[in-house]
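These notes are about the structure you will find just below.
The values are calculated or read from the model by the stated rules, or taken from the named source; none is laboratory data. Predicted, not measured: the structure shown is a model, and the values here were computed from it. Please note: Cβ atoms are built from the backbone with ideal geometry, for glycine as well, and neighbour counts cover all protein chains shown. In case anyone asks, the SASA skips ligands and DNA or RNA and just uses the protein heavy atoms, side chains included. Shrake-Rupley method; radii C 1.70, N 1.55, O 1.52, S 1.80 Å.
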Amino acid sequence: MTTPPGDDAPFVTLHAAVVLIAATLIGLTAGGLTCLGGTGAALSVLAGLAAAGAAVPVLRGLIR
């Protein structure tokens, strides 16, 4: 089976992959540190998600 010409675009660009991986690491770190600080698991997850969400636009601007 052959692929049509021009259909070799990547699913996710390298820039998007780097930004998302870095944001995930930031979120995991923030959530882990929040959990180690004595906060409950649910609030730690929310803190990690908030940190990851806030990191995406910053990293997108920094990694160019």
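So with the 1.4 Å probe, I'd like the accessible area per residue for the chain, rounded to whole Å².
76
Under the rule of -39500 (n - 2.57) per DSSP H run of 4 or more residues, summed and divided by the residues of the chain, what mean residue ellipticity at 222 nm is obtained, to the nearest 500 deg cm²/dmol?
-24500 deg cm²/dmol
Would you mind telling me the share, in percent, of accessible area of the chain contributed by carbon and sulfur at probe 1.4 angstrom?
On the way: 3600 of 4880 Å².
So the carbon and sulfur contribution to the accessible surface is 74 percent.
Compute the long axis of helix 14-36 from its Cα atoms, compare it with the longest principal axis of the Cα atoms of the chain, and write down the angle in degrees, 0 to 90, nearest 10.
Once rounded, one gets 10 degrees.
Looking at [x] 22, 12, 8; [y] 30, 12, 7; [z] 34, 14, 7, which value of semi-axes √(5λ) of the Cα gyration tensor in Å comes from a calculation on the structure shown?
Given [x] 22, 12, 8; [y] 30, 12, 7; [z] 34, 14, 7, the calculated one carries the label [z].
Would you mind computing, in nm to one decimal, how far apart the modelled labels at Thr24 and Leu46 are, each placed 7 Å from Cα along Cα→Cβ?
Each label point lies 7 Å from its Cα, and together they span 2.5 nm.
Net charge within 15 Å of Val19 by Cβ-Cβ distance, Lys/Arg positive one each and Asp/Glu negative one each, not counting Val19 itself?
+2
Using a 1.4 angstrom probe and counting only protein chains, how large is the accessible area of Leu20 in Å², to 10?
Its accessible surface works out to 100 Å², give or take rounding.
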